[in-house]
Amino acid sequence: MSAIRMFPRNLFADTNDVWETHVHDHFLDGSTRNDSSGYVKGMENFSEKQSPSHASSESTADYDGSTQCDTTSNPDLDYIDEQQKAEEKERIDTQLSCLAHSFGKYAHCSEDIYVMMRFAELANIPRITKGYAKLVLRTLKLLHLCKYPASDIWTVMAHSSVYVVDVCKAVGPAMNEEERNSIIVATIFLAHSYIIDETCPLKVWHKHLLGSYCSLKILNAAILELFKQRGYILRLDDMDLAERLACITPVTCSLN
């Protein structure tokens, strides 16, 4: 049985494997990805950059609302009448406003609040806490500062949501929130390595997102283990991807 199933913290155990040396050898679709050291430039002030979001707030309280859509009883919005659509939009806007009030100061833009909320739904995160929101929003901010197209970022997040679900199923309740949040960052890195041609080096991710949680070597090993757990397959089923993109792609809301 693998370490990830036996004891979650072993996922971040020390090892001599190197992610960035071997990753290109494992993509099963024949594609290649090249890390771009150019993204290191301009990232030194990542922590000091001010958020352009107008939804910023000083509140740090956890958001207690559910991360699940109320449309599960009738998911096909094409058959919901206009009144129900309006009610659903109002519900989403209200939920976004609550999240923006609590976590807006961590967001690069208002759309990221929506993506963070929908990611929690897709990844089966039961409760949006400060720790979850802060780390996911800072990860999205890093991707924006790398100048990746928004559509690529949403695609990365859609892929990552599946990886997180699979990891949580494998580990079970033994994984605590801190490790789960750190694994979310690792899966987003894994997804961006697959989706984006010029990737941001792992050392940049470690420095700005997980430097206080583990060493670069341990993070590197954890990502290799996640990759191995997936059988070195990162591609999603086309229909599953389309559904997740439809959910996670930001829509016009009162925060914009």
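What follows is calculated from the coordinates using simple rules that are stated; it is not laboratory data. Please read these numbers as outputs of a predicted model, since none were measured by experiment. Methodologically, a virtual Cβ is constructed for each residue, glycine included, from the backbone with ideal geometry; neighbour enumeration extends over all protein chains shown.
Side notes on the structure shown:
- Relative contact order (percent, whole number), the stretch 82-256, Cα cutoff 8 Å, 6+ residue spacing: 29 percent
- Under the simplified labelling scheme, the R127-K207 pair shows an inter-label distance of 3.6 nm, with each label point 7 Å from Cα along Cα→Cβ.
- Cα gyration tensor shape for the stretch 138-196, rounded if a/c is under 1.5, else prolate or oblate: prolate
- Remark: spin-label model distance E178-K89 equals 4.4 nm, labels positioned 7 Å along the Cα→Cβ axis.
- Residue-wise HN-Hα couplings along the stretch 184-192, as the Karplus relation 6.51 cos²θ - 1.76 cosθ + 1.60 with θ = phi - 60° gives them from phi, are 4, 4, 4, 6, 5, 4, 4, 5, 5 Hz; Gly and Pro carry x.
- Sequence-distant residues sharing a close amide H with T199 (under 5 Å, placed H): N34, D35, S36
- HN-Hα J in Hz across the stretch 109-122 - Karplus 6.51, -1.76, 1.60, θ = phi - 60°, x for Gly and Pro: 7, 5, 4, 5, 4, 4, 4, 4, 5, 5, 4, 4, 5, 5
- 3J(HN,Hα) from dihedral phi, the stretch 100-108, Karplus parametrisation 6.51/-1.76/1.60, rounded to Hz, x for glycine, proline: 5, 5, 7, 10, x, 5, 8, 8, 6
- Total charge dipole magnitude, the stretch 82-256, about the Cα centre, Cβ charges on Lys, Arg, Asp, Glu only, Debye to nearest 20: 740 debye
- In terms of its C-alpha gyration tensor, the stretch 125-234 comes out rounded, because the ratio a/c of the largest to the smallest axis stays below 1.5.
- Put simply, when 100-113, 228-241 are sorted by average Cβ atoms within 10 angstrom per residue, most first, you get 100-113, 228-241.
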